[in-house]
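The structure appears below as structure tokens.
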Ligand code: HEM
Ligand SMILES: [Cu+2]
């Protein structure tokens, strides 16, 4: 598109890309794209959930014994952080839709704060495990759990690690949206980036809602 | 939501005015940068075309090396490329090389050629044009997925440079966690390529949903787009499973997390389930776009409305959906439960039904059509013939009792080459000839096109029909030599392998010839000045734009008043050739 000489488009708002007819078409496309992308994400994680099911079926006793060594209260705290962040995210989207810039900024900052808090807790959990010698796979060195707990912890690290990676990407996206909000890019007429990052963030939250009971609350 | 000025503006997009000298998408800007940073779906399609062709020829050379080795029963040809102190060592080293050759051949052909082949090239080029849109919904994402493809391809080349790969394209555990070849680099490459495929799929689905021309209802979408749409659904829903599988395999190899490796407590059959959950649907990623191409070419070159439009469209979607439920037919002898095998076998038969509906519809379209035997049509007819053989032999493999005998023999090799080469590659050739003049504004030589189509057909059948014969006689796949068998078998195997090798040389020459006359036509081919110079046109919207298309595709928003297959009449005036 860029090769074409720019024409003056009096009727074109600045955010509207050249190949769309209308803002509504552009926003609907972006939203559908995000939903389809979310479907992709769910299938990605479903692989991990299937692996979990297969291995838990193979080693029920090990899973029971090993999960005792995860810190339920830390996991619960993180669950609260993420659920609250989903709320602040939803409020931020609403604020953007109603052109309430200040309130959108506050809520985005809160969301980022909760996301960071989640990472901090995760950091403490991981480092505690490493301290005990609970490393992934063949580096596993903690001998107090019967069975083959390295399989459980291998899964634990991969599942929570993949999720944490999504949280970190989410923080990046939220920061980008926050900075754009500050420049006044969003209003009732154009807010689809906020909305779509919101969708992504709810997905990240949702996956954790499944991970938490599967890993921490086996009993 | 939509304001009055916001709605579609009939009577011309912005570029309708202000162009004295019309530029097309090719000559609008010739700088390298304008190509590397282009957001134009047509240019991105061409960059994909150049890349997939490069890898196709690369993978093809590997195949010819394999075939040369198999010309004789013992170890010979490949021993010239390795070193060793004595005959036994030499043979072992050559066997290793052989394993690497077939692995790289398969992996390159599947991940770098077949998966992106039709969707990323002709799909990118024609999807917006056929919808009457200015571009795909997310042009930047489109360019991004091209660069992801390039990055993934680099990992494959890196694999080649750093010790190769000898697991087979399937990366089965536990061998893939214990071999000392570059498994991590290549699986990471495939992982990256997967995202390119997913993002292209997302782009196409959204484009088809949101960017259709006014009055283009779902029943006025060209069948090529129904095929691409179904393909995109698979790309979006199956590829992420491959991504996580390969990631887990990388973790397994690097950290030993014990998910797939039995030594660590994992389950190797779980790996097979994961892998085929992607890779069976992936065979439909490869073939559905080919079906779409055939629907277009058969209809245009017999000047007849496609027979059974609704059935063809619905069968694309149903193949895509049922295709998710049959992966276990690759695992009949893996030790999965007999009940599972039984169900997978039954569902596999079910997939053959929508596939057959398509074949019957194409044949019915030909009936009483005004058929022109030009290069795209010859390739399309060749497709129908070859794909039918490929599909029917799939049923032998889907039958439990016969598969126990045929599994891991050359019969399977012949089956999937009939569908992937006889199917996808031949459809790719049909597409390239069908749309060549539209894309480049130059004509290729029609006689060269016909000759190539015929020799591809002959070479292909010699190469692969012989493999059905030796496979049914028990010749195992992935074997480096076949001299340790009874004299009767030895004579059958040798004869068949020799026919196959000779056929592969004919096929290789025919394809090289194709590359040459097409490249030649880019510079010296007869120019298309206006639409009446085109040897054929269709009724779908890609024929309603300039040749080659303008950067913005359309000056006026086209409107879909009727079906894309409503040819004015059966047109007998259209002779092929010059
Ligand atoms: C009617 C349709 C089809 C049926 C019933 C069918 C059935 C099968 C079965 C049962 C196998 C497993 C054989 C074994 O390993 O023992 C197989 C293998 C295979 N098929 Fe098909 N198939 C069909 C169409 C296709 C298509 C359209 C493609 C690709 C474009 C394809 C590509 C393959 C490949 C690549 C393999 C071998 C994979 C490997 O082990 O490396 N098939 N097919
Ligand atoms: Cu299959």
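Derivation of every value follows stated rules applied to the coordinates shown; laboratory data play no part. The model shown is predicted, which means the values in this text are computed figures rather than measured ones. No Cβ is skipped: glycine too gets one built from the backbone with ideal geometry, and neighbour counts run over all protein chains shown.
Listing for the model above:
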| item | result |
| --- | --- |
| Ascending count of other beta-carbon atoms within 10 Å, so fewest first, for B:403, A:205 | B:403, A:205 |
| Extension gain, residue B:218 back to residue B:162 (0.36 nm per residue minus Cα-Cα distance, nm) | 15.2 nm |
| Label-point separation in nm, residue A:58 to residue B:513, each point 7 Å along Cα→Cβ | 5.4 |
| Three-way shape label, segment B:150-236, alpha-carbon gyration tensor, a/c 1.5 | prolate |
| Chain B: calculated mean residue ellipticity at 222 nm from DSSP helix runs of at least 4, using -39500 (n - 2.57) | -21000 deg cm²/dmol |
| Cα long-axis angle, helix B:268-301 against chain B (0 to 90 degrees, to the nearest 10) | 40 |
| Sites residue A:182 and residue A:15, calculated FRET efficiency, Cβ-Cβ separation with R0 22 Å, nearest 0.05 | 0.85 |
| Kirkwood estimate for chain B, i.e. one over the average of 1/r between Cα atoms, Å | 24.8 |
| Number of partner chain Cβ atoms within 10 Å, mean per residue of A:29-41 | 6 |
| Extension gain (nm, one decimal) between residue A:206 and residue A:173, 0.36 nm per residue minus Cα-Cα | 10.1 nm |
| Translational diffusion of chain A, µm² s⁻¹ [Kirkwood Rh, Cα pairs; Stokes-Einstein; 20 °C; 1.002 mPa s] | 110 |
| Cα gyration tensor shape of segment B:150-189, rounded if a/c is under 1.5, else prolate or oblate by comparing a/b with b/c | prolate |
| Among B:85-93, B:458-466, the order from most to least packed when residues are scored by Cβ within 10 Å on average | B:458-466, B:85-93 |
| Angle between chain B longest axis and helix B:410-419 axis [Cα atoms, degrees, rounded to 10] | 10 |
| Structure-based [θ]222 nm, chain A - -39500 (n - 2.57) summed over DSSP H runs of at least 4, per residue, nearest 500 | -26500 deg cm²/dmol |
| Label-to-label distance, nm, for residues given as residue A:74 and residue A:119 (7 Å Cα→Cβ offset) | 1.7 |
| Order of B:506, B:115, A:83, B:285 - criterion: other Cβ atoms within 10 Å of each residue's Cβ, fewest first | A:83, B:506, B:115, B:285 |
| Average other protein chain Cβ within 10 Å of Cβ, residues B:138-151 | 1 |
| Residues B:113, B:360 arranged by fewest to most Cβ contacts within 10 Å | B:360, B:113 |
| Rounded if a/c under 1.5, otherwise prolate or oblate - the protein assembly as shown, Cα gyration tensor axes | oblate |
| Angle in degrees between helix B:183-210 and the longest Cα principal axis of chain B, rounded to the nearest 10 | 30 |
| Number of partner chain Cβ atoms within 10 Å, mean per residue of A:155-165 | 2 |
| Residue B:31/residue A:38 FRET efficiency (R0 25 Å; Cβ-Cβ; nearest 0.05) | 0.05 |
